[in-house]
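Data first, discussion second: the structure below is written as structure tokens.
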2 protein chains.
Amino acid sequence: MNTRIVLARRPVGWVEESCFAVESCTEPQAGPGDVVVQSIYLSTDPYLRGRMNDGPSYAASFQVGHPIVSRVVARVIDSRHEGFAVGDYVWGFLDWAQRSLVRRGQGLQRIDASLGRVSHAVSVLGMPGLTAWIGVAELGRPVPGETVYISSAEGAVGQLAGQFARRMGARVVGSAGSDDKVAFLRERCGFDAAFNYKARDLDDALREHCPDGIDVYFDNVGGATLEAALRHANVAARFPVCGMISGYNALEDPGIRGLHALLVKRIQMTGFIIYDHVHKLPAYLARVAPWVRRGEVVFHEDIVQGLERAPAALIGMLRGEAIGKRLVQVAPESAA
Amino acid sequence: MNTRIVLARRPVGWVEESCFAVESCTEPQAGPGDVVVQSIYLSTDPYLRGRMNDGPSYAASFQVGHPIVSRVVARVIDSRHEGFAVGDYVWGFLDWAQRSLVRRGQGLQRIDASLGRVSHAVSVLGMPGLTAWIGVAELGRPVPGETVYISSAEGAVGQLAGQFARRMGARVVGSAGSDDKVAFLRERCGFDAAFNYKARDLDDALREHCPDGIDVYFDNVGGATLEAALRHANVAARFPVCGMISGYNALEDPGIRGLHALLVKRIQMTGFIIYDHVHKLPAYLARVAPWVRRGEVVFHEDIVQGLERAPAALIGMLRGEAIGKRLVQVAPESAA
């Protein structure tokens, strides 16, 4: 029997498990031109929180009673479409379900399994990787010797942003919410420095770890961290704004204080969304896939097993419990 | 007898007349290489408020007991410097005094009186004009048909920013704090629309006057106006941040709410300070001086008479009572 995860009610503030329901659903049947896929990995991403609200954001709202949708890595199990064969690995924006019907194969992307692990199609070799690249290489533009500070640095985007910035010659500093994450950043991702923002005063930590100030702040969280980065920024600093996760569950926006620093320090803050840059993925893959294959760029996944645990996995990711990209594995990669 | 205006005490919140004192001072005497000038026009500018504080900003603090300094248009009355002759018009960062000694002529700029009125050297043909140009042409970059919204639009910078944006084909909307200013923007400066922000709800006004949303917000004020502009901005909007005058007298920073729009709408906010761009003045003058001479760009000055009224003139400007560039005239342009 097929099962899926639906939005049971909209969250108010923090997301709870009661916002979701696991329910049975029909087994997909391929009509002419259609593709049926078995989900393997569901991607959990911070932006999904915004889609659970009713208000407008950059991605459409989920509807109550309808399935949660995110990027899903899947395997074709039935195809009446000439572009897809049984056994192909694919990814697309699919329901959080065991199996899905993709009418006319619409939006489905084949995964080139020779590039790396198939799960990488939704992480280092997909949108999170491209997000890190655009934020660092196009908007942050660090030159050798500059200091790049990254918040939520252990996340899918943050860990790559740090590694890309180091390749560009920058000194890279990350913050994260546990000592384990800090160790991961230093030992696995090669960050020059990292600190646990929950364990100490942000200003003290930035004074210590960014003694020459911040030239690029890669913002994943907004809030108090953004305020601190404004205080420690250098003249002509660049602030690519990739996410403001600290506010996603807040009922009221407390505002960002100290924005006058934009003027005093001639800071450029640029919000960006990866949908505007997807056409750059082929060039990104040509450049970055070899680095990943040679182990010069590492990528950490945090894999939770079982579709029914997807709501808890998403909630935990939003609460900051994951190190690296959190995926939910729904089925084995290969057919039994 | 020479007189000058000094900072008597630092303001707390709003500036008051008691922050200043008028005092007698020595008559300047030119030594070898020195220049003595008679002040004609003192420039009053919003950034002077920041210099009255003790904290660091982009311009050094004034010292208690020492003169206020700003851009001053002056006439050379004695010179032992080969670059300056008696009768030359000059400008420089000079004390608010009747007459000043400029040692070695340092920092003094000759004014080419053939370009326009000598007072224009500190307005449309000087830094305020270049500020408007950089904000619009380099950072805002409107294309024909886009909507440019300018706050504090009647100011020295705002009125020019609007006229420059119109020359680039944009639809230009300004806000100001009185019906007289609104009439000035519509009738004298050719703005497509203007409104009195004190007389109505900002959201209503922006909905009415920017029905297609805001593509460029030229920020002179920050605060609630910036928050409203974030709400009404289009995707990929540009926000040159030239000033945040609404907060200059505030004791506490209430924060900017809704900054998440930067991300959702991919907005680029760029703080800028004209000191970084002064090398572009000759090219600016070559382009803009003919427009002013031909009357295609108008510029309104608000001239207060008398050195002793300079403190009140500055305070009034900070409170928004001036239309256009507020100058304090200390002496006639020509020698008696």
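The values are calculated or read from the model by the stated rules, or taken from the named source; none is laboratory data. The structure displayed is predicted, hence computed values, not measured ones. Positions of Cβ are generated from backbone atoms using ideal geometry, with glycine treated the same way; all protein chains shown enter the neighbour counts. Quick note on the areas: whole protein, heavy atoms, side chains included, nothing else; ligands and nucleic acids left out. Shrake-Rupley method; radii C 1.70, N 1.55, O 1.52, S 1.80 Å.
With respect to residue A:12, determine if the residue is assigned to a strand (DSSP E or B) and aliphatic (A, V, I, L, M).
no
Being open to solvent by less than 60 Å² (accessible area, probe 1.4 Å) and within 19 Å of residue A:70 (Cβ to Cβ) is the requirement here; does residue A:333 meet it?
Yes, satisfied.
For region A:30-43, check the following and say yes or no: at least one residue is open to solvent by 20 Å² or more (accessible area, probe 1.4 Å), free of Cβ contacts under 8 Å to residues at least 24 places away in the same chain and either in a loop (DSSP other than H, G, I, E, B) or within 20 Å of residue A:325 (Cα to Cα) (or both).
No, every residue in region A:30-43 fails to be open to solvent by 20 Å² or more (accessible area, probe 1.4 Å), free of Cβ contacts under 8 Å to residues at least 24 places away in the same chain and either in a loop (DSSP other than H, G, I, E, B) or within 20 Å of residue A:325 (Cα to Cα) (or both).
Name every residue in region B:295-310 that is closer than 17 Å to residue B:98 by Cα and not in a loop (DSSP other than H, G, I, E, B), in order of residue number.
The initial filter retains those residues of region B:295-310 that are closer than 17 Å to residue B:98 by Cα, namely B:303-310.
B:303, B:304, B:305, B:307, B:308, B:309, B:310 - these are the residues of region B:295-310 that are closer than 17 Å to residue B:98 by Cα and not in a loop (DSSP other than H, G, I, E, B).
Can you say whether residue A:313 is more than 30 Å from residue B:224 (Cα to Cα) and not in a helix (DSSP H, G or I), as far as the supplied structure shows?
Answer is no for this residue.
Hey, can you tell me all the residues within region B:233-276 that are touching a helix residue (DSSP H, G or I) at 6+ places or on another chain (Cβ under 7 Å), more than 7 Å from every other protein chain (Cβ to nearest Cβ) and in a helix (DSSP H, G or I)?
B:246, B:261, B:274 - these are the residues of region B:233-276 that are touching a helix residue (DSSP H, G or I) at 6+ places or on another chain (Cβ under 7 Å), more than 7 Å from every other protein chain (Cβ to nearest Cβ) and in a helix (DSSP H, G or I).
State yes or no: is residue A:100 closer than 21 Å to residue A:38 by Cα, among the polar types (S, T, N, Q) and modelled with pLDDT under 95?
No, not satisfied.
Could you list, in sequence order, the residues of region B:122-175 that are over 18 Å from the mean Cα position of the chain (by Cα) and hydroxyl-bearing (Ser, Thr, Tyr)?
B:147
Assess whether residue B:8 counts as being over 25 Å from residue B:325 (Cβ atoms), surrounded by 15 or more Cβ atoms within 10 Å (Cβ to Cβ) and touching a Cys at 6+ places or on another chain (Cβ under 9 Å).
yes
Which one of these is modelled with pLDDT of 95 or more and closer than 28 Å to residue B:296 by Cα: B:68, B:134?
B:134
Can you tell me how many residues in region B:49-84 are more than 14 Å from every other protein chain (Cβ to nearest Cβ) and either in a helix (DSSP H, G or I) or of a type in the set (Lys, Arg) (or both)?
3
Right, residue B:266: open to solvent by 60 Å² or more (accessible area, probe 1.4 Å) and over 19 Å from the mean Cα position of the chain (by Cα) or not?
no
For residue B:252, all conditions in the list (1) surrounded by fewer than 24 Cβ atoms within 10 Å (Cβ to Cβ); (2) modelled with pLDDT of 95 or more hold save one; what is the number of the exception?
Of (1) surrounded by fewer than 24 Cβ atoms within 10 Å (Cβ to Cβ); (2) modelled with pLDDT of 95 or more, only one is false for residue B:252: (2).
Please go through (1) touching a residue at least 40 places away in the same chain (Cβ under 8 Å); (2) surrounded by fewer than 17 Cβ atoms within 10 Å (Cβ to Cβ) for residue B:55 and return the number of the only condition it doesn't satisfy.
(1)
Looking at the structure I just gave you, is residue B:309 open to solvent by 30 Å² or more (accessible area, probe 1.4 Å) and within 12 Å of residue B:42 (Cβ to Cβ)? Give the derivation first.
Numbers: open to solvent by 30 Å² or more (accessible area, probe 1.4 Å): yes; within 12 Å of residue B:42 (Cβ to Cβ): yes.
Judged against the criteria, residue B:309 is a match.
Listed residues B:173, B:221, B:216, B:157; which is assigned to a helix (DSSP H, G or I) and crowded, with 18+ Cβ neighbours inside 10 Å? Step through it out loud before you land on a result.
Values: B:173 fails: assigned to a helix (DSSP H, G or I); B:221 fails: assigned to a helix (DSSP H, G or I); B:216 fails: assigned to a helix (DSSP H, G or I).
Unique residue meeting the criteria: B:157.
Among the residues of region A:85-98, write down those that are buried (at least 17 other Cβ atoms within 10 Å of the Cβ), assigned to a strand (DSSP E or B) and of a type outside the set (Ser, Thr, Tyr).
Selection gives A:90, A:91, A:92, A:94, A:95, A:97.
Residue A:230: within 13 Å of chain B (Cβ to nearest Cβ), assigned to a helix (DSSP H, G or I), at pLDDT 95 or above and surrounded by 20 or more Cβ atoms within 10 Å (Cβ to Cβ), yes or no?
On the way: within 13 Å of chain B (Cβ to nearest Cβ): yes; assigned to a helix (DSSP H, G or I): yes; at pLDDT 95 or above: yes; surrounded by 20 or more Cβ atoms within 10 Å (Cβ to Cβ): yes.
In short, yes.
Out of A:129, A:145, A:116, A:140, which single residue is small (Gly, Ala, Ser) and within 18 Å of residue A:268 (Cα to Cα)?
Residue meeting the stated conditions: A:140.
Here is a check on your reading of the model: is residue A:119 away from every other protein chain (no Cβ under 14 Å), assigned to a helix (DSSP H, G or I) and either over 17 Å from the mean Cα position of the chain (by Cα) or not acidic (Asp, Glu) (or both)?
Yes.
Within region A:65-84, track down each residue that is open to solvent by 40 Å² or more (accessible area, probe 1.4 Å) and hydroxyl-bearing (Ser, Thr, Tyr).
none
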